1. Name the residue that is surrounded by the most Cβ atoms within 10 Å (Cβ to Cβ), counting only residues in the stretch 199-235 that are at pLDDT 90 or above and out of contact with any helix residue (DSSP H, G or I) (no Cβ under 9 Å at 6 or more places or on another chain).
2. From the list R408, R384, pick out the single residue that is at pLDDT 95 or above and either more than 17 Å from the chain's Cα centre (by Cα) or surrounded by 19 or more Cβ atoms within 10 Å (Cβ to Cβ) (or both).
3. Of the residues Q175, Q157, only one is surrounded by 20 or more Cβ atoms within 10 Å (Cβ to Cβ), part of a helix (DSSP H, G or I) and either in the same structural domain as H94 (by TED's automatic domain parsing) or touching a helix residue (DSSP H, G or I) at 6+ places or on another chain (Cβ under 7 Å) (or both); which?
4. Restricting attention to the stretch 459-486, which residues are assigned to a loop (DSSP other than H, G, I, E, B) and modelled with pLDDT under 95?
5. Considering (1) assigned to a loop (DSSP other than H, G, I, E, B); (2) at pLDDT 90 or above; (3) out of contact with any Asp or Glu (no Cβ under 7 Å at 6 or more places or on another chain); (4) of a type outside the set (S, T, N, Q), say which one E503 fails and leave the rest.
6. Test each condition in (1) surrounded by 15 or more Cβ atoms within 10 Å (Cβ to Cβ); (2) more than 33 Å from the chain's Cα centre (by Cα); (3) at pLDDT 90 or above; (4) over 17 Å from D105 (Cα atoms) for Y189 and report the one that comes out false.
7. Which condition does V448 not pass, out of (1) within 20 Å of K221 (Cα to Cα); (2) among the aliphatic types (A, V, I, L, M); (3) modelled with pLDDT under 95, if it passes all the others?
8. Considering only the stretch 398-416, state which residues are in contact (Cβ under 8 Å) with a residue 40 or more places away in the chain and in contact with a helix residue (DSSP H, G or I) (Cβ under 9 Å, 6 or more places away or on another chain).
Amino acid sequence: MVENIDNIELQFLTLNDYKELKRVMIEAYPTMPDSYWEESQIKTLIEKFPAGQVVIKINNELAGCALSIIIDYDKFDDNHTYNEITGNNTFNTHNDEGDVLYGIDVFIKSEYRGLRLGRRLYDYRKELCEKLNLRGIAFGGRIPNYHKFADTLTPKQYIEKVKRKEIHDPVLNFQISNDFHPSKILRGYLEGDKASNEFAVLLEWNNIYYQKKTKKAVTNKKVVRLGLIQWQMRLYKNLEELMQQAEYFVDAVSGYRSDFALFPEFFNAPLMAENNHLPESQAIRELAKHTPNIVQKFSELAISYNINIITGSMPEMKDNLLYNVGYLCKRDGSVERYEKLHVTPDEAKVWGLQGGNQLKTFDTDCGKIGILICYDSEFPELSRLLADEGMDILFIPFLTDTQNGYSRVRHCAQARAIENECYVAIAGSVGNLPKVHNMDIQFAQSMVFTPCDFSFPANGIKAEATTNTEMILIADCDIDLLRELNQFGSVRNLKDRRKDIFELKKNTTNN
């Protein structure tokens, strides 16, 4: 290893570098001395894709190089060869409109190995991939030590032993440590690579920031602003007065340019006061008659205030059965329904509520979201299924009377954020309704939870309201941080699940 380093610089490759480049190539591939690039080929690469050809120089001496092209990956078979990818070294396969950055060579001069120069070159490729909005990087990785084990191990067995650190392979070990994952074994990949028995490993890196090109005039929001309504339970004269209060809060959170407004579970319970003379089970069925009008009004508010509204929940009659449901009223005018799947013992005994059957994610202009009503948040299987469908934000409208009940929702919600690598927003009601049976004093502290890792708050709390006080809570959620967590987090709860020993799936007969 060289000492007395005065300068390390990453530069674009030029033809003036060729003579020195040729010497380094010959030294880097001692088992394939005739495999170096001709000057005309380097010239073609520079002309076609100058940003893809870079060198590292130490004290103005060439120490390493990385060459790459852009390809339309779907045009190639998964069992492609090096000659096919490079067009027999003509590079006519390069396509500026392609979707994958394909690495065709990386090498480091022997005296500079151990300085992690290869990592710098791979980091450059990753940054270039993100800058060009390509969906990933791919290349065929040599396995130069395989010839030592070819008589006793298949390529698959060899790779598994390398991954388990039972065999040292300097190339494959390095690539795996740089976040490239082996996806396929390529037979006959590089002609003349006797050290690898002409096998290679297809290595891939996915660009978590990739946005598929679209002709629609829409943008995918990366920072999503949430507006949580901590609702005060108070008596209202009628539905119109209750919805005036609801519009006041929608106006408030939209004034802060929020993308979502989240209302609590059974926020409309005050309207049961007019039927307090009836048995509880009958009073809530009378309340259910208001639901269609409330949904219609919320849909109008979503459009006029340009905000997606999650309506908390309301009672609804369907096929003569009583359900606890809510609606996602989008700002584009569409409306979708969700159901509470698990009803509490009290809800079943006093009101005769039924558990719903529908569990799904919802596509919005801010990505995929999930919604679980109160008690449902205490069943981790539900949110995991939603996470498997790509959920980024989980919304939990709740209604709890005691601090014990609130703590169950709060701590389960925080666990859901960690285990599913997502944001979780909870919103509840405060105050009391002395003139409504079965609606006692309410306890709530609305909050937004995050995973616990370096890019997030150490305690996993993004924002929190004041306990038992009517207010709104505004919080920004950076979706890109979730992508980074999924790929590079200290722990990766979604990726590291042992799906080889357990499985979780929905019973589709009820959906």
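The values are calculated or read from the model by the stated rules, or taken from the named source; none is laboratory data. Quick caveat: nothing in here was measured; it's all calculated off a predicted structure. Note: ideal-geometry Cβ built from the backbone for every residue, glycine included; neighbour counts use all protein chains shown.
1. Here is the first cut: in the stretch 199-235, the residues at pLDDT 90 or above are 199-207, 223-235.
Within this subset, residues satisfying the condition of being out of contact with any helix residue (DSSP H, G or I) (no Cβ under 9 Å at 6 or more places or on another chain) are 202, 204, 230.
Values: L202: 19, E204: 16, Q230: 26.
Only one residue fits best here, namely Q230.
2. Working: R384 fails: either more than 17 Å from the chain's Cα centre (by Cα) or surrounded by 19 or more Cβ atoms within 10 Å (Cβ to Cβ) (or both).
Exactly one residue qualifies, and that residue is R408.
3. Details: Q157 fails: surrounded by 20 or more Cβ atoms within 10 Å (Cβ to Cβ).
Testing whether each residue is surrounded by 20 or more Cβ atoms within 10 Å (Cβ to Cβ), part of a helix (DSSP H, G or I) and either in the same structural domain as H94 (by TED's automatic domain parsing) or touching a helix residue (DSSP H, G or I) at 6+ places or on another chain (Cβ under 7 Å) (or both) leaves just Q175.
4. If we filter the stretch 459-486 for residues that are assigned to a loop (DSSP other than H, G, I, E, B), which is where we start, we get 459-460, 465-470.
If the condition is that a residue be assigned to a loop (DSSP other than H, G, I, E, B) and modelled with pLDDT under 95, then no residue fits.
5. Status for E503: all satisfied but (2).
6. Checking Y189 against (1) surrounded by 15 or more Cβ atoms within 10 Å (Cβ to Cβ); (2) more than 33 Å from the chain's Cα centre (by Cα); (3) at pLDDT 90 or above; (4) over 17 Å from D105 (Cα atoms), the one that fails is (4).
7. Failing condition for V448: (3).
8. Let us first name the residues in the stretch 398-416 that are in contact (Cβ under 8 Å) with a residue 40 or more places away in the chain, namely 398-403, 414.
If the condition is that a residue be in contact (Cβ under 8 Å) with a residue 40 or more places away in the chain and in contact with a helix residue (DSSP H, G or I) (Cβ under 9 Å, 6 or more places away or on another chain), then F398, L399, T400 are the ones that fit.
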